Amino acid sequence: MRKPGVVVGTDGTACGSAAVEWAAREARRRRVPLHIVHAYEWDWHESRFDIGNEYIDVARAIADATVSAARDRARAVAPGIEIEIKTIIGHAVPGLLSASHDAALLVVGNRGRGGFAGLLLGSVSQRVAIHAPCPVVVVRGRTNPTGPVVAGLDESPVAEQVLEAAFETAGARGVALTVVRAFLPVIPLWLTNVRPVEVDTPAEDAIQRAAVDELLAPWAEKYPQVPVRVVLTHDSAAAALVSASADAQLVIVGSHGHGIVGGALLGSAGQQLLHHAECPVLTVRHPTTPAS
């Protein structure tokens, strides 16, 4: 049976092209096929006044040219990989979710053609990251950087999946792993005007460090070649991870954090990363968490 491949959505924009290049390199690293998907809608306003198929044919020709250009770009950055291209009539979100049903990874750019130029994250990217049935990479910032892999570690059920993806990725790329654990210390009442990040709590830090070391131990034994650095911080997880992304090549987080809304599939730290990270962001899911 063939291994599940990497699926990438593209719309021909610079962000879409960056996603294709990143996905192609990842497919080559994993030695799996690359599936390039482009969704398009032909029901333009002008087509409603035309009795022929002219507008349908134009939309189809543009879509075919988009995926063909994406295939050429993928071959240029990752020669030798198996590539399949597909165009889908309809909105991008359901099309990408359907195409990624059996995928190992879904890759998208951080924004597409729609919306406002000032937006940091497109609606398609955000919805796909939340609802995809497989891990999702949103490509943003530096798309082929050097630096460590960074993993955000909390106490959610997806923590093991985050560590598995982080150690596997760092090991395959031959780079170090930085594990970020953010927690709020217990602040005495007389320090109410002091920010948590400025509070010195060695006893609490030691407890948190011991808990992190316990989680890391089996993975460090499995991947002894991966240097690991642990960062404990009293800052918010979002701020710490965005800061760490400045020197990273990939940041990995879980799809279910400790947000106020219990049913949220992507925690606040993950949402902030998708908007502000300076490198690609990988969101992993708990295997028992169904996509909605």
Completion exercise
For segment 212-224, Karplus-derived ³J(HN,Hα) couplings (6.51, -1.76, 1.60; θ = phi - 60°; whole Hz; x for glycine and proline) come out as 5, 4, 5, 5, 7, 3, x, 6, 5, 5, 6, 10, x
Problem - Segments 168-177, 22-31, 54-63 sorted - mean Cβ within 10 Å per residue, highest first - result: 22-31, 168-177, 54-63
Practice task
List the residues whose amide H sits under 5 Å from the amide H of residue 40, counting only those 5 or more places along or on another chain, with H placed 1.01 Å from N in the peptide plane.
Solution key: 88, 89, 90
Fill in the blank from the handout: Expected sort for 83, 36 with the fewest Cβ neighbours (10 Å cutoff) up front is 83, 36
Exercise for the section: Starting with the fewest neighbours, write out 236, 100 ranked by other beta-carbon atoms found within 10 Å of each beta-carbon. Expected result: 236, 100
Practice task
With θ set to phi - 60°, apply the Karplus curve 6.51 cos²θ - 1.76 cosθ + 1.60 along segment 15-31 and write out the HN-Hα couplings as whole Hz, x wherever there is a Gly or Pro.
Solution key: 5, x, 5, 4, 5, 4, 5, 5, 5, 5, 5, 5, 5, 5, 4, 7, 6
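Bear in mind that the values in this text are calculations on the coordinates, not laboratory data. Values in this document were obtained by computation on a predicted structure and should not be read as measured data. Neighbour counts run over all protein chains shown; Cβ positions are idealised from the backbone, glycine included.
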